[in-house]
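Report on one structure; see the data block that follows.
The values are calculated or read from the model by the stated rules, or taken from the named source; none is laboratory data. Everything numeric in this text was worked out from a predicted model, so none of it was measured. Positions of Cβ are backbone-derived with ideal geometry, glycine not excepted, and every protein chain shown enters the neighbour counts. When the accessible area is computed, the model is the full protein with side chains, heavy atoms only, and any ligands, DNA or RNA have been set aside. Shrake-Rupley method; radii C 1.70, N 1.55, O 1.52, S 1.80 Å.
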Amino acid sequence: MTPQQKIEILQTLIHIKSVNAHETDVADYLASLFAPYPQAQIEKVPFAPGRDNLVVTIGNPAGPQLGLSGHMDVVAAGDETAWTHPPFGGEIVDGRLFGRGASDMKSGLAAIVITMLEFLEQGTPLAGSLRLLATVGEETGEYGAATLTDAGYADHLAGLIIAEPSGLDQVVYTARGAIDNLMEFYNAVGPLMAKYTKTDPVLGGLLHNVDLISGGEQVNSIPAHAELMANMRTIPAYPNQIIYDELEALIDRLNQEPGVQLELSYSYPEEAIPGDPQAPLVQLAKQISDDVCQHETQIVGSGGANDGAEFLRAKADFTSIEIGPGSDTSHQVDEYIELDDYLQAIAFYETLVPAFFAQIGQSSKRQ
């Protein structure tokens, strides 16, 4: 595949307006790229109408399985008149491709898809199988990854690479979890959460921020209903269930008071992703990135949640990492990807995959 063909695949993905929905259009396009290869097992796994996940498996089923994951949805473009380049145009200017999702994360998704296509095109023998896990709804709650995990698609993974826009100079091995809580107990919950003082050396401490308070219709009328929304990000030292128990006990206690009727619900409760910076896949990704990209790759943690939080619920015991092309313009106006970084990401994945299978083989021999 020529560099121009690789760029055109990314441009086509940018043209598809998969804004928090319509991921089936992306899945259908990607499936069409694999359709000429009968050895590729292609499965669409529905989440909701117009929202299909895509799973494509290639390679040797007798060997270990490596997952390559990317999400197909993007956030809204916002005020399109504020963009210098049309958000779904895929325009190229001065070596940069512009568009919503160019960084987060259609460039990463395209790079892992092209990696698999080139293995098929070149007839590359693989010592194991590769499984593309293209998901819906990552931006609003990782529910595509949850659907695939519940259906068993991650149960046989030996490793997982998520092509999120970390930049190729960073391997992310651990990440915070996210809990959006609807609650009406602002004064009580702050001191309650403040007692969780442990900090993670990479992720820092547990975070609790009240982001939205709403209620009432006019200033001289007592509202019949009001809501408080807070964003919480957990760390491995404090699993979500600990926080659930504390908040629910607080609700029960406050509801004993006359006239108090509070309800608590959780939206998209993702666990923090634990990790080991010395894990073989982490170290291998760093080594390959150092060699292919000719830079010093850092091993880091992330403050944001990703699909790995869901996939790690699978039956298999595997390391999940996050590494992919990107810029600091994710979710912003005039989002872009450097084309050199995008093409370099493909070279990185194409080097990492066989090296991973070789690493697994060597480990098996030592055992």
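Put a plus charge on the Cβ of each Lys and Arg, a minus charge on the Cβ of each Asp and Glu, and nothing anywhere else: the dipole of the chain about its Cα centre is then about 1020 debye. When the P(r) of the stretch 84-175 is calculated, the portion above 20 Å amounts to 51% of the C-alpha pairs. Spin-label model, L254 to Q287: label points 7 Å out along the Cα-to-beta-carbon direction sit 5.3 nm apart. Counting only protein heavy atoms, what percent of the accessible surface of the chain is carbon or sulfur at a 1.4 Å probe? Whole-percent figure for carbon plus sulfur exposure: 50.
Given a Förster distance of 22 Å, report the FRET efficiency between T197 and A316 from their Cβ-Cβ distance, rounded to the nearest 0.05.
FRET efficiency, T197 to A316: 0.05.
Backbone geometry of the stretch 10-27 corresponds, through the Karplus equation with coefficients 6.51, -1.76 and 1.60 at θ = phi - 60°, to 3J(HN,Hα) couplings of 5, 4, 4, 4, 5, 5, 7, 7, 8, 7, 6, 4, 6, 5, 4, 4, 5, 4 Hz, x marking Gly and Pro. Rolling a 1.4 Å probe across the protein heavy atoms gives the chain an accessible surface of 44 Å² per residue.
Within the listed set Q256, Q278, Q170, the Gaussian network model of the chain (springs between alpha-carbon atoms below 10 Å) gives the highest mean-square fluctuation for Q256.
Only helices enter this figure: runs of n ≥ 4 DSSP H residues, each worth -39500 (n - 2.57), summed and divided by the residues of the chain, yield -10500 deg cm²/dmol at 222 nm to the nearest 500. Rounded to the nearest Hz, the phi-derived 3J(HN,Hα) couplings of the stretch 109-126 under the Karplus curve 6.51 cos²θ - 1.76 cosθ + 1.60 (θ = phi - 60°) are 4, 4, 5, 6, 5, 5, 4, 5, 5, 5, 4, 5, 4, 8, x, 5, x, 10, where x marks glycine and proline. Extension gain, V93 to Q5: 0.36 nm times the residue separation minus the Cα-Cα distance gives 30.0 nm. Give, in nm to one decimal, the length gained when the segment between N60 and L126 is fully stretched (0.36 nm per residue of separation minus the Cα-Cα distance). That works out to 23.1 nm of additional length.
You can think of it this way: the chain between D28 and D334 has 107.5 nm of extra reach, that is 0.36 nm per residue less the Cα-Cα gap.
With the whole protein complex present, V93 retains an accessible surface near 60 Å², based on a 1.4 Å probe. The residue list A62, P49, L97 was ranked by how far each Cα lies along the charge dipole of the stretch 1-106 toward its positive end, using unit charges on Cβ atoms, and A62 comes out on top.
Judged by the mean number of other Cβ atoms found within 10 Å, the most tightly packed of the peptides 199-206, 118-125, 140-147, 161-168 leads the ranking 161-168, 140-147, 199-206, 118-125.
Remark on the chain: ratio of C-alpha radius of gyration to 2.2 N^0.38 Å is 1.06. Placing +1 on the Cβ of every Lys and Arg and -1 on the Cβ of every Asp and Glu, with nothing else charged, gives the stretch 4-74 a dipole about its Cα centre of roughly 80 debye. For the stretch 1-156, the spread of Cα coordinates along the three principal axes comes to 52, 36, 20 Å, biggest extent given first.
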